[in-house]
Amino acid sequence: PRSVFNAPSFSQQRTVVTPGALRTFQPFRCYAAPVAAEPFLNGTSSNYVEEMYYAWLENPKSVHKSWDIFFRNANTGAPPGSAYQSPPPVGVSLSGLSQAQALVGAQPNVEKLVEDHLIRGHHVAQLDPLGIMDADLDSCVPADIITSSDKLGFYGLEEADLDKVFRLPTTTFIGGSESALTLREIIRRLEMAYCQHIGVEFMFINDLQQCQWIRQKFEKPGVMQFEEFLQRKWSSEKRFGLEGCESLIPALKTIIDKSSENGVESVIMGMPHRGRLNVLANVIRKELEQIFCQFDSKLEAGSGDVKYHLGMYHRRINRVTNRHITLSLMANPSHLEAVDPVVQGKTKAEQFYCGDSDGKRVMSILLHGDAAFAGQGIVYETFHLSDLPSYTTHGTIHVVVNNQIGFTTDPRMARSSPYPTDVARVVNAPIFHVNADDPEAVMYVCNVAAEWRATFHKDVVVDLVSYRRNGHNEMDEPMFTQPLMYKQIKKQKPVLQKYAEKLIAEGAVSRQECEEEIAKYDKICEEAYNRSKDEKILHIKHWLDSPWPGFFTLDGQPKSMSCPSTGLNEEVLSHIGQVASSVPVEDFTIHGGLTRILKGRATMVQNRSVDWALGEYMALGSLLKEGIHVRLSGQDVERGTFSHRHHVLHDQNVDKRTCIPMNYIDPNQTPYTVCNSSLSEYGVLGFELGFAMASPNALVLWEAQFGDFHNTAQCIIDQFISPGQAKWVRQNGIVLLLPHGMEGMGPEHSSARPERFLQMCNDDPDVFPKITEDFAVRQLYDCNWIVILLPFRKPLIIFTPKSLLRHPEAKSRFDDMLPGTHFRRLIPEEGSASQNSAGVKRLIFCTGKIYYDLTKERRTRGLEDTVAISRIEQLSPFPFDLVKAEAEKYPQAQLLWCQEEHKNQGYYDYVKPRISRTFNNTCPVWYAGREPAAAPATGNKKAHLVELERFLDTAFNPDAFQNQS
């Protein structure tokens with residue numbers, strides 16, 4: 001019920017006013033009752049009951065007779081059911097009561113009126129600058145929002161009550177220093193606070209302090225010429241201008257200025273293409289000539305990206321606070337919201353590296369379009385990272401450029417929620433809707449948003465309700481689909497003109513002063529335009545959003561193209577192995593099964609051997625020991641999907657007590673971050689990509705629970721990881737760990753889809769590269785993804801094992817990891833076949849788990865001397881030099897590629913043309929593996945084994961290829 005106190009059956013349901021009943025009446029929830037009232041209020045929080053109780057103590061006749069009886073009976077200890085008498089219900093005239101009794105009796109109705117404006121006032125706020133749209137998709141005015149005196153009856157009030165004085169609840173701020181106002185003035189002030197050009201959504205927040213903070217900000221009484229210049233110069237160029245929401249620029253400047261005042265030193269921003277050039281110019285202060293030269297079709301910029309996708313990094317003085325501030329706008333593609341988690345990850349990294357544990361120095365701002373904010377699931381995934389311990393950035397300010405249209409789609413067809421911002425309610429973020437044609441309201445709201453973030457370190461949303469003056473882009477015709485809207489837009493004065501006329505009418509400025517300011521900015525643009533004609537080469541440094549100063553040079557000179565050894569001393573290997581086998585915390589009880597696992601690790605260390613899990617431990621631990629931060633993130637990575645990792649130990653007797661042994665390797669080590677993520681791939685991979693952007697001196701890894709789970713993060717892979725350097729000249733060392741292997745477990749959880757990654761590799765299968773001394777490193781430098789210990793950074797895709805995690809033959813010796821050792825791009829045949837090269841009839845190239853099936857089958861058939869098996873460990877860039885050298889060892893051998901994946905999947909389409917090109921296409925490369933299929937694997941275990949047996953027979957059958965051309 002809207003008001004439990006006016007429910008006719010309330011006295012039968014409950015006599016004592018309980019907290020449970022009052023929670024349904026939001027203004028009174030959580031408000032402390034007077035101590036004297038506690039015996040009969042049962043600890044409730046009712047403001048008007050408190051007022052009546054004090055009034056009754058002074059004069060029992062000042063309250064309604066029913067409350068006089070209630071207070072008397074309750075004070076004498078009357079049992080429930082006999083102390084309560086219902087006050088007059090809503091709609092019943094109070095004329096029979098004395099004025100004092102009537103005022104007190106009407107008090108709950110007045111307070112409900114206040115509540116309704118708080119909850120639903122935004123539904124009638126004047127938010128649309130065009131005056132034709134309903135920002136909440138509903139043209140009906142809520143019946144319980146007072147907008148005229150004829151609706152007083154809804155609250156059991158009368159016309160005569162308008163000029164009566166009512167006490168204001170102690171929880172409201174509309175009175176300023178006054179404690180009572182006439183009903184007419186109460187309504188006027190509520191409408192001014194909640195029903196004008198600002199609509200506030202916050203009453204769903206279940207924190208009293210936060211609600212009161214917002215009420216105080218709104219209840220207390222009391223830049224845009226750039227787009228026009230671009231339209232004149234390049235009227236037929238796509239630029240996705242900001243006309244219709246030019247107030248975004250002062251909005252962002254206000255947020256940044258206020259945040260700088262509150263101590264923020266770095267702001268990382270992400271935004272779609274609309275308005276990006278304006279933000280670059282007027283918020284981040286990018287050189288105008290660098291923007292204008294982007295419109296020159298003769299510009300030499302390599303592959304690159306369109307101008308409205310590029311970002312930048314700039315450190316400058318904030319002239320309002322006279323403090324330095326660093327602004328970074330992230331480059332991103334036309335997948336509008338894909339940049340959201342990337343921004344959050346980079347923000348988290350910067351906070352981590354500067355020791356900003358509560359987000360006071362580094363913050364993020366995300367800009368959104370209304371249709372994308374409501375429609376794209378990555379927005380929801382990113383919001384749900386906002387308060388997770390390993391992912392929180394301690395509050396993001398979201399600014400929605402609400403054009404009230406999505407390309408050509410009306411809002412009613414683009415979302416089911418009343419507002420595009422409703423997704424933010426899932427994390428209790430306050431939402432401030434504001435008419436973007438009222439710059440003063442916009443700036444006020446943005447000040448409040450910045451103060452909210454600084455006070456509570458939680459997300460907040462500013463919804464700039466605006467319009468789009470042109471079509472989707474400057475060459476689009478919007479009248480095709482929104483004729484009435486665009487007829488109104490053509491009549492609409494630009495906000496700069498409207499605001500200038502307002503200031504002139506108020507006498508704040510003269511018309512001449514306005515015209516001089518406009519001419520002054522136009523002159524600045526013209527001068528930059530003339531300079532831009534000399535900018536024929538894109539200066540990359542101007543467009544980098546994540547520079548790595550000092551990383552690519554050593555003593556002022558470019559680093560040498562070398563690949564140093566990654567081996568370790570045996571003492572270090574043993575020490576890390578011992579830590580991995582121990583529980584370095586006293587009185588810590590681990591699970592019995594884990595005790596056996598740790599003992600197994602200790603045995604391996606004694607035997608100088610490692611399996612995958614222990615090898616990973618040594619790799620990560622050695623980096624931590626050398627001061628390199630390691631962050632491993634993903635679903636269930638702390639234990640590992642296959643119960644093999646156990647980087648976080650859990651005390652079996654103390655809830656939530658954990659231990660991370662890898663943080664006990666060395667007293668001077670860098671801390672290790674390992675964190676289970678939310679059940680998100682798109683959002684979390686984007687987050688980790690952003691984290692890896694912040695510093696090249698870190699190893700950031702994301703592990704999929706199963707390799708094929710990366711398909712729901714494909715946008716991040718396709719738009720950021722694979723082409724990131726080509727589009728934005730931005731290197732990144734993100735590592736993807738993707739469990740892969742055909743284990744007979746069905747179409748899912750089998751294939752990490754290696755063919756997709758190989759298809760996006762940029763090496764040419766038809767060109768055999770020139771082999772030089774630094775070929776291996778140079779090849780890595782030219783490719784689009786991989787990473788080892790190198791003077792540059794590339795993404796790395798690792799297809800990690802499943803069954804091989806415990807395979808007795810899938811182990812390495814310490815000797816493979818000592819100083820002087822390197823990553824082996826190809827592991828050649830090292831058995832008896834290598835000693836009998838002239839007698840080898842078949843050379844099988846393979847990669848991954850199938851190697852162990854092949855060696856087992858070779859032993860079974862007794863073919864160790866005549867069949868050689870070589871493993872290509874680095875698939876891309878393809879190791880042409882090592883493949884050539886290996887094949888030349890066996891001049892009489894057929895060349896065969898064997899894989900367990902289907903022929904149209906896996907590696908075959910990638911490796912075949914490259915092996916062929918190694919020998920000038922004169923030597924056939926035969927195939928052994930599963931036949932082409934639509935799904936990655938069969939769901940039938942028996943069928944899986946039949947397929948395996950069939951292609952293994954093909955691999956070793958000497959007559960298998962005689963009839964093939």
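The values are calculated or read from the model by the stated rules, or taken from the named source; none is laboratory data. Treat the numbers as computed from the prediction; the structure is a model and nothing was measured. With ideal geometry, Cβ positions are generated from the backbone for all residues, glycine too; neighbour counts draw on all protein chains shown.
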Subset of the range 611-632 [aliphatic (A, V, I, L, M) and part of a helix (DSSP H, G or I)]: 613, 614, 618, 619, 620, 623, 624
Filtered residues of the range 441-490 (kept if in contact with a His (Cβ under 8 Å, 6 or more places away or on another chain) and of a type in the set (A, V, I, L, M)): 441, 460, 461, 462, 465
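Let's see how each residue does on (1) in the same structural domain as residue 438 (by TED's automatic domain parsing); (2) closer than 30 Å to residue 405 by Cα; (3) surrounded by fewer than 15 Cβ atoms within 10 Å (Cβ to Cβ); (4) among the charged types (D, E, K, R):
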| residue | (1), (2), (3), (4) |
| --- | --- |
| 130 | no, yes, no, no |
| 138 | no, yes, yes, yes |
| 179 | no, no, yes, no |
| 187 | no, no, no, no |
| 218 | no, yes, no, no |
One residue from 700, 648, 630 being within 19 Å of the chain's Cα centre (by Cα), among the β-branched types (Val, Ile, Thr) and at pLDDT 95 or above: 700
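Of all the residues that make up the range 522-552, how many are among the basic types (Lys, Arg) and modelled with pLDDT under 70?
Residues of the range 522-552 that are among the basic types (Lys, Arg), as a first pass: 523, 531, 533, 536, 541.
Filter once more, keeping what is modelled with pLDDT under 70: 536, 541.
Summing the residues that are among the basic types (Lys, Arg) and modelled with pLDDT under 70 in the range 522-552 gives 2.
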Residue tally, condition within 20 Å of residue 447 (Cα to Cα) and either in contact with a helix residue (DSSP H, G or I) (Cβ under 7 Å, 6 or more places away or on another chain) or buried (at least 24 other Cβ atoms within 10 Å of the Cβ) (or both), over the range 341-379: 8
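When the residues of the range 325-346 are narrowed to those that are in contact with a strand residue (DSSP E or B) (Cβ under 8 Å, 6 or more places away or on another chain) and aliphatic (A, V, I, L, M), which ends up nearest to residue 725 (Cα to Cα)? Don't jump to the end; show me each part of the working.
Residues of the range 325-346 that are in contact with a strand residue (DSSP E or B) (Cβ under 8 Å, 6 or more places away or on another chain), as a first pass: 325-330, 332, 336-337, 339-340, 342-344, 346.
In the following step, the residues that additionally are aliphatic (A, V, I, L, M) were identified as 325, 327, 329-330, 336, 339, 342-343.
On the way: 325: 26, 327: 21, 329: 16, 330: 13, 336: 19, 339: 16, 342: 15, 343: 17 Å.
Taking the candidates together, the pick is 330.
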Enumeration of residues in the range 144-171 that are modelled with pLDDT of 80 or more and within 30 Å of residue 209 (Cβ to Cβ): 155, 165, 166, 167, 168, 169, 170, 171
Those residues of the range 489-529 which are assigned to a helix (DSSP H, G or I), of a type outside the set (Ser, Thr, Tyr) and buried (at least 17 other Cβ atoms within 10 Å of the Cβ), in sequence order: 489, 495, 496, 500, 514, 525, 528
Yes/no for residue 639 being part of a loop (DSSP other than H, G, I, E, B), of a type in the set (D, E, K, R) and closer than 26 Å to residue 738 by Cβ: yes
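Please give the helices (runs of 4 or more DSSP H) falling wholly within the range 843-930 in which 1 or more residues are of a type in the set (S, T, N, Q) and crowded, with 18+ Cβ neighbours inside 10 Å. First the steps, then the outcome.
Numbers: elements: 850-861, 880-888, 908-918.
Fully inside the range 843-930 and qualifying: 908-918.
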Residue in the range 853-871 that is of a type outside the set (A, V, I, L, M, F, W, C), touching a Cys at 6+ places or on another chain (Cβ under 8 Å) and at negative phi present: yes
Filter result (assigned to a loop (DSSP other than H, G, I, E, B) and surrounded by 14 or more Cβ atoms within 10 Å (Cβ to Cβ)) within the range 808-820: 810, 811, 818
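With respect to residue 713, is the statement that it is at pLDDT 90 or above, in contact with an Asp or Glu (Cβ under 7 Å, 6 or more places away or on another chain) and part of a helix (DSSP H, G or I) true?
Judged against the criteria, residue 713 is a match.
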Residue within the range 834-843 that is touching a Lys or Arg at 6+ places or on another chain (Cβ under 6 Å) and more than 25 Å from residue 637 (Cβ to Cβ) present: yes
Candidate set from the range 280-289 (those that are surrounded by fewer than 24 Cβ atoms within 10 Å (Cβ to Cβ) and touching a strand residue (DSSP E or B) at 6+ places or on another chain (Cβ under 9 Å)); member that is farthest from residue 332 (Cα to Cα): 285
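Quick check on the range 660-698: of everything there that is touching a Ser or Thr at 6+ places or on another chain (Cβ under 6 Å) and in a helix (DSSP H, G or I), which residue is surrounded by the fewest Cβ atoms within 10 Å (Cβ to Cβ)? Don't jump to the end; show me each part of the working.
Initial filter on the range 660-698 (touching a Ser or Thr at 6+ places or on another chain (Cβ under 6 Å)): 675, 677, 681-684, 688, 693.
Pick out the ones that are also in a helix (DSSP H, G or I) and you get 682-684, 688, 693.
Values: 682: 23, 683: 30, 684: 27, 688: 29, 693: 29.
Result: 682.
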Scan of the range 832-842 for residues that are more than 21 Å from residue 928 (Cα to Cα) and surrounded by 15 or more Cβ atoms within 10 Å (Cβ to Cβ), ordered by number: 834, 837
